Amino acid sequence: QVQLVESGGGLVQPGGSLRLSCANSNSGSIFRIIAMGWYRQAPGKLRELVAIIRSGGSKDYLDSVKGRFTISRENAKNTVTLQMNSLKPEDTAVYLCYADGRSTWYKRDFWGQGTQVTVSA
């Protein structure tokens, strides 16, 4: 079973920083995680991919967060972290951890429960 447990998030002033972490417990699952990342969804808007890191180490970022957000992983702890700096009010959203799971025959997306990030003065 693959379970994603998020931590971090909260309220921060514009220009501030927050750190989100996502721990992946993949005990007994047939799926191998080939990528992990973060999506976000603001009220009335579509869910968008913020950052992703693949098993080979390549990373991609949403254009609006490039230079401000950094995604990293700690393989020993099966954890992915999103460091968010220079936060803006438009970064306010629910942030969801995501994992791309593959088995021999199947592909499955896994999601965390979401954590609220609010950027406001």
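The values are calculated or read from the model by the stated rules, or taken from the named source; none is laboratory data. The shown structure was predicted, so the numbers you read here are calculated from the model rather than taken from an experiment. No Cβ is skipped: glycine too gets one built from the backbone with ideal geometry, and neighbour counts run over all protein chains shown. Only protein heavy atoms, including side chains, enter the accessible area calculation; ligands, DNA and RNA are left aside. Shrake-Rupley method; radii C 1.70, N 1.55, O 1.52, S 1.80 Å.
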* Asked: For residue 119, are the conditions met, namely being open to solvent by less than 20 Å² (accessible area, probe 1.4 Å), over 14 Å from residue 2 (Cβ atoms) and not charged (D, E, K, R)?
  -> yes
* Asked: Do we have any residue at all in segment 75-86 that's touching a residue at least 60 places away in the same chain (Cβ under 8 Å), surrounded by 14 or more Cβ atoms within 10 Å (Cβ to Cβ), assigned to a loop (DSSP other than H, G, I, E, B) and not small (Gly, Ala, Ser)?
  -> yes
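Among the candidates 52, 30, which residue alone is part of a loop (DSSP other than H, G, I, E, B), under 17 Å from residue 109 (Cβ atoms) and of a type in the set (Val, Ile, Thr)? Talk me through it step by step, then tell me what you get.
On the way: 52 fails: part of a loop (DSSP other than H, G, I, E, B).
Of the residues listed, the single one that is part of a loop (DSSP other than H, G, I, E, B), under 17 Å from residue 109 (Cβ atoms) and of a type in the set (Val, Ile, Thr) is 30.
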* **The lone exception for residue 46 - which of (1) among the aliphatic types (A, V, I, L, M); (2) outside any loop (DSSP other than H, G, I, E, B); (3) farther than 19 Å from residue 113 by Cβ it fails** => (2)
* Subset of segment 61-81 that is aliphatic (A, V, I, L, M) and modelled with pLDDT of 95 or more - its residue that is nearest to residue 35 (Cα to Cα) -> 80
* Asked: Within the set of pairs 6+ apart or on separate chains, which have a first residue in segment 1-25 that is among the acidic types (Asp, Glu), a second that is in a strand (DSSP E or B) and at pLDDT 95 or above, and C-beta atoms under 8 Å apart?
  -> 6/20; 6/21; 6/22; 6/95; 6/96; 6/97; 6/115
* **Lone unmet requirement of (1) open to solvent by 20 Å² or more (accessible area, probe 1.4 Å); (2) farther than 17 Å from residue 12 by Cβ; (3) modelled with pLDDT of 95 or more for residue 37** => (1)
* Structure fact -> Those residues of segment 40-63 which are surrounded by 13 or more Cβ atoms within 10 Å (Cβ to Cβ) and among the hydroxyl-bearing types (Ser, Thr, Tyr) amount to 55, 61
* Asked: For the subset of segment 87-116 comprising residues that are among the aliphatic types (A, V, I, L, M) and more than 20 Å from residue 73 (Cβ to Cβ), which member is surrounded by the fewest Cβ atoms within 10 Å (Cβ to Cβ)?
  -> 94
